[in-house]
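Each reported figure results from applying straightforward, stated rules to the coordinates on display, with no laboratory input. Everything numeric in this text was worked out from a predicted model, so none of it was measured. Reconstructed Cβ throughout: ideal geometry from the backbone, glycine too, with neighbour counts over all protein chains shown.
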Amino acid sequence: MSLQERSATERVQEARERYVARGISTPPLVVERAEGARIWDAEGREYIDFAGGLGCANLGHNLPAVVDAVHAQVDRYMHQCFMVGMYEPYIEVCRRLAELSPCRGSDQKSVLLSSGAEAIENAVKVARVATGRPAVIVFDNAFHGRTLLTMTMTSKVVPYKAGFGPFAPEVYRTPAPYPFRGVSEDDAIEGLKHLFKGDVDPHSVACAVLEPVQGEGGFIPMTPDFPRRLQELLDHYGILYVNDEVQSGCGRTGPVWAIEHYGVEPDLLVSGKTLGGGLPLAAVTGRAEVMDTVPPGGLGGTFGGNPLACAAAAAILDALAEQRPRAEQIGARLRERLEAMAPAGSEVRGLGPMVALELPEQTGEETARITAAAREQGLMLLSCGIYGNVIRILVPFTIGDVELERGLDILEAVLRA
Ligand SMILES: Cc1ncc(COP(=O)(O)O)c(C=O)c1O
């Protein structure tokens, strides 16, 4: 076949196979343009986006306020490195995070990083210095990233860990509540007490890191009392509570932070994804007394808190306050429709508009069929879960009612096919 006869998608795909490492998995889709909750591919086909760039587009692709803020910043400067020259957009994002922080204490400070994994690593660094202790507690079904420490903290072997060892030391895993698969809140609390008896001295633990709604692990919300009971135990031993909201934060569950559903004030907050409005930005936030235990020079990075990402984040943090009613409306509708279409033996669960459907089979075959068939019909959809058998919805809240229903109609049709 001559070059001209191949589609744009085929040409890009061929180049991708030739030049891009195989280890990054990609669907057969080449994105040309995106706006709100819609994506167009290289053939001009339109897709409804229920994936939101993997949770980075809670407020839609190319939110006009974000685009304007980034354009204005491009004309001033694109990079400085905060360690070379201070700039206000960085400080402004930290000020807004302090205002919005769900953490203990009135005097909140932040450090800005470029990815969720980097921010988790920094939260652990801060917790280790603040407590003078080495160990880290993590939970079943956790996902915290792909760097050495964070993949050690992550709980799925294939594809995140297989072949990548040896892993980082001093990471201890304990059950998290997962009622659908038989793990109750009491089981999880008992599991942690047992860990303290059998595997790690609680007095050598710096922090426990927990997602209030486990994301990659299957959109598993913590049971209503678990964060409070966990905090009680952690406080007893002087262990810091690190709240990983990289995926559940920035409005994904309705309020700005998912932990607000639980009435618990953690010690450190880790945010990312939607925070940068499509640009790479993540943060660690907590009370000054903890954050400032690290001496000058101990935290940082070349690109952390890049000015363009900070300009975008200021616009996102402004917009977040207004989106809650719409987010909650979308959450209620998603739940209603998913419950009506859920096959027997499956579970619809989530918190607010962070909703998913777990299929009964403990394999990813059916979800792979569903996501591929949905894409064919114009719906971008992602799976997740320790077994890969969960369909998760990360739809931007800027989606209109007609598009939302059309997306759900496609999902229902492919589910039943
Ligand atoms: C809860 C959670 N923590 C950390 C991360 C890692 O973030 P990043 O991919 O930006 O490194 C993710 C990414 O999906 C996540 O969902």
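Tabulated data for the structure shown
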item: Cα-based reach from residue 125 at 19 Å (exclusive), listing lysines while leaving out same-chain residues under 8 positions away; result: 109
item: Percent antiparallel among DSSP beta bridges (both partners in the chain, rounded to 5); result: 65 percent
item: Estimated vicinal HN-Hα couplings, Hz - the stretch 392-407 in sequence order (Karplus 6.51, -1.76, 1.60; Gly, Pro = x); result: 10, 10, 10, 5, x, 6, 7, 5, x, 4, 5, 5, 4, 5, 5, x
item: Dipole magnitude of the stretch 65-318, debye to nearest 20 (Cβ charges: Lys/Arg +1, Asp/Glu -1, about Cα centre); result: 480 debye
item: Cα pair count fraction exceeding 27 Å, expressed as % - the chain; result: 52 percent
item: Whole-Hz ³J(HN,Hα) from phi, Karplus 6.51 cos²θ - 1.76 cosθ + 1.60, for the stretch 117-127, glycine and proline x; result: 4, 5, 5, 4, 4, 5, 4, 5, 4, 4, 4
item: Mean Cβ neighbour count within 10 Å, used as a protection proxy, ranking 191-204, 134-147 highest first; result: 134-147, 191-204
item: Value at 222 nm in deg cm²/dmol, rounded to 500, when DSSP H runs of n ≥ 4 in the chain each add -39,500 (n - 2.57); result: -12000 deg cm²/dmol
